[in-house]
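The values are calculated or read from the model by the stated rules, or taken from the named source; none is laboratory data. Every value quoted in this text rests on a predicted model; they were computed, and no experiment measured them. Cβ: placed from backbone, ideal geometry, glycine included. Neighbour counts: every protein chain shown.
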Amino acid sequence: MVAFHFPPLAGSSGIQRTLRFAQHLPMLGWQPLVLTARTTAYERTSDDLSQEIPSGSIVRRALALDAARHLAIGGRYFGAMARPDRWASWKFDAVRVGMKMIKEFRPDVLWSTYPIATAHLIGAELQRRSGLPWVADFRDPMAQNGYPEDPLTWHAFKRIETLAISKAARCTFTTPSASKEYQQRYPEAAHRISLLENGYDEETFSRAEASADKTPLNPGAFTLLHSGIVYPSERDPTQLIQALALLHKAGRIHPDRLKLRFRAAVAEDMLHRLAIENGVSAYLQVLPAVPYQQALSEMLRADGLLILQARNCNAQIPAKLYEYLRARRPLVCLTDPEGDTAATLFAADIRTLAPLDDASKIADLLLSVVAPNLDPLLSMASQQAVEESSRKGRTAILAKLLDDLAHQGASK
């Protein structure tokens, strides 16, 4: 399993996918061998998830230099050092370490996972040298219209995407639209492209429930929580902050009765600037990252949970959405009604949505959600939707895919 996001990396929900697959695969007959980056590659680390790596797991780490931190002079570095990503150097040592692992453990299948594009370059090279079947886990689309913005990086993404589609025995995506888009983009490989969604981990949630403080986050005030990174484009909070300003100026809300909490947003400066510009700083709580189980406990204590997803991400679903569903708290979803995020919410019987780019509609939605007479069933996931979204169930799908590839290899 070639994955950049792995404990003790901190600050990315992307770590959950590989970690939970590694946890659950042994119960389905598969022993994971993880090839990841040395911890010096990570900007922030935390030991809270390291203890959840299954006992006896094989984890090997290869040298990966961050162009922005390790290769910069005076804060500047050559763009070529950061294509396709800032950890492009990871490929060289990872291929060396990966081949040693292949010779030592003789695995049946290779698996690599985006969004660090270099992981697919490593997977492709290990496949070329070993001849093993390779699963390229894209998660989300790579080369898109306008993304990445830098033309040279976009072309690098396109080359990697084309390479993976042509060489991988299977390619997986986390949303229906992404799977369909790539089946149409590469019709010759459509039969090798499939859906493998994200989910939540029931065991971790159960521990969080058992240890969680049951008091509200802000007693007396409705607290709406966004847990995770706020991206300036893909999760632009501008219209949300303007909606707060509209309601505040109209006297419809008061900071003693409503709080908007951002946990581990990364874009703290932007949030503070928007709040000051709109005169609503008293409503915002911008707080640093906390250990994962503590973050889940906070979700369970929130009065409402906030999703931000722009129209340019209609083929993507935030991984945290599945955790929000499991938390069974009211959801406020600011997203395009035509996207996959909205479709997932509708399937879960959630109707509390508004477009991310419409301050007026967001204001109306906020008022409806904080109203004391709101029917909670309108904003909370159905039990069936929760049960269908567990990571254990997703791992069973991956194990079946791996079984098929191993069987095909054995029959040759």
Thr238, sole failed condition from (1) under 22 Å from Thr174 (Cα atoms); (2) among the β-branched types (Val, Ile, Thr); (3) in contact with a helix residue (DSSP H, G or I) (Cβ under 9 Å, 6 or more places away or on another chain): (1)
Pick out the one residue from Tyr114, Tyr147 that is of a type in the set (Phe, Trp, Tyr), surrounded by fewer than 18 Cβ atoms within 10 Å (Cβ to Cβ) and assigned by TED's automatic domain parsing to the domain that holds His24. Tyr147
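Conditions tested, residue by residue: (1) surrounded by fewer than 23 Cβ atoms within 10 Å (Cβ to Cβ); (2) hydrophobic (A, V, I, L, M, F, W, C).
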| site | (1), (2) |
| --- | --- |
| Arg311 | yes, no |
| Leu325 | no, yes |
| Arg328 | yes, no |
| Ala342 | yes, yes |
Which of the numbered conditions does Arg129 fail, given that it passes all the others? Conditions: (1) assigned to a strand (DSSP E or B); (2) surrounded by fewer than 24 Cβ atoms within 10 Å (Cβ to Cβ). (1)
Residues satisfying the stated conditions in the stretch 140-157, i.e. over 18 Å from the mean Cα position of the chain (by Cα) and closer than 16 Å to Thr113 by Cα: Phe157
All positions within the stretch 156-177 that are crowded, with 22+ Cβ neighbours inside 10 Å and either at positive phi or in contact with a Phe, Trp or Tyr (Cβ under 7 Å, 6 or more places away or on another chain) (or both): Ala168, Cys171, Thr172, Phe173
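Go through the stretch 321-334 and count every residue that is farther than 17 Å from Pro176 by Cβ, in contact with a strand residue (DSSP E or B) (Cβ under 6 Å, 6 or more places away or on another chain) and part of a helix (DSSP H, G or I).
Within the stretch 321-334, residues that are farther than 17 Å from Pro176 by Cβ, in contact with a strand residue (DSSP E or B) (Cβ under 6 Å, 6 or more places away or on another chain) and part of a helix (DSSP H, G or I) number 3.
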Is there any pair linking a residue in the stretch 361-374 that is assigned by TED's automatic domain parsing to the domain that holds Asp336 and hydrophobic (A, V, I, L, M, F, W, C) to one that is modelled with pLDDT under 85 and outside any helix (DSSP H, G or I), with Cβ under 7 Å and at least six apart or on different chains, and which? Val369/Ser379
Sole miss for Val370 among (1) farther than 30 Å from Gln144 by Cα; (2) modelled with pLDDT of 90 or more; (3) hydrophobic (A, V, I, L, M, F, W, C) is condition (2)
Answer yes if at least one residue in the stretch 270-282 is out of contact with any helix residue (DSSP H, G or I) (no Cβ under 6 Å at 6 or more places or on another chain) and touching a residue at least 40 places away in the same chain (Cβ under 8 Å), and no otherwise. yes
For the stretch 145-197, what are the residues that are among the aliphatic types (A, V, I, L, M) and either closer than 19 Å to Glu234 by Cβ or in a helix (DSSP H, G or I) (or both)? Leu152, Ala156, Ile160, Leu163, Ala164, Ile165, Ala178, Ala189, Ala190
Which condition from (1) out of contact with any helix residue (DSSP H, G or I) (no Cβ under 7 Å at 6 or more places or on another chain); (2) modelled with pLDDT of 95 or more is the one that Ala64 breaks? (1)
Pick from the stretch 35-92, criterion in contact (Cβ under 8 Å) with a residue 60 or more places away in the chain, within 21 Å of Glu161 (Cα to Cα) and in contact with a strand residue (DSSP E or B) (Cβ under 8 Å, 6 or more places away or on another chain), ranking: surrounded by the fewest Cβ atoms within 10 Å (Cβ to Cβ): Trp87
